[in-house]
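Structure first, then comments.
What follows is calculated from the coordinates using simple rules that are stated; it is not laboratory data. Since this is a predicted model, take the numbers as computed values, not measurements. Virtual Cβ from ideal backbone geometry, glycine too; neighbours counted across all protein chains shown.
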Amino acid sequence: MGMIELAERKARARALGLYAFAGLTVVLLGLTFATSRGSFFQGMWFGFTLVSVLYLSPLVTRLKNGPLAQLLEDEVTREHRRASSAIGFWAGLLAAAAMLAIGDVPGLLSASDSARIIFTTAIVAAQVRLATLELQAAR
């Protein structure tokens, strides 16, 4: 197997991993609200969110040197990261506006609940967009 085929396989696995991370982030957010062990799942959500942010960033591939890392971090991937970051930003703004409107109802959501919803919305939107763009580029 050549270097290009290996890079394509890793890029496809990374895109599918982004979908999995997005789904698990939403599940963990739901568990923070649905269970009596909310603080445990809040910690898991926080850790998973940090890993998701690192997974979205180009930091991991930039730390690795070599021809495979260069193939995985080309100009198309950088453009996809930029576009997904923009989508995440707008999704975060919309979620913040929704939390502002919902926040007027007393006792419905705390500030930390709203913040977790906003972070999750922004990160999941960026992950799904990046994964979709990467899979479309692989076709």
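Below 8 Å between Cα atoms, with a sequence gap of 6+, how large is the relative contact order for region 3-138 in percent? Walk me through the numbers before you get to the answer.
On the way: 123 pairs, mean separation 52.1, N = 136.
Computed over region 3-138, the figure is 38 percent.
Pop the C-beta distance of residue 57 and residue 135 into the FRET formula with R0 = 22 Å and round what comes out to the nearest 0.05.
E(calc), rounded to 0.05, equals 0.70.
Can you work out the base-10 log of I(q)/I(0) for region 87-139 at q = 0.13, 0.14, 0.22, 0.26 1/Å, using the Debye formula on its C-alpha atoms alone?
Each listed q corresponds, in turn, to -0.38, -0.43, -0.74, -0.90.
Using only the alpha carbon atoms of region 3-138, find the Kirkwood hydrodynamic radius as the inverse mean reciprocal pair distance, in angstroms to one decimal.
Roughly 16.0 Å, rounded to one decimal.
Expected output is a single nm value to one decimal: the length gained when fully extending between residue 5 and residue 24, i.e. 0.36 nm times separation in residues minus the C-alpha distance. What is it?
Between residue 5 and residue 24, full extension yields 4.0 nm more.
Taking 0.36 nm per residue of separation and subtracting the Cα-Cα distance, what length does fully extending residue 35 through residue 74 add?
9.8 nm
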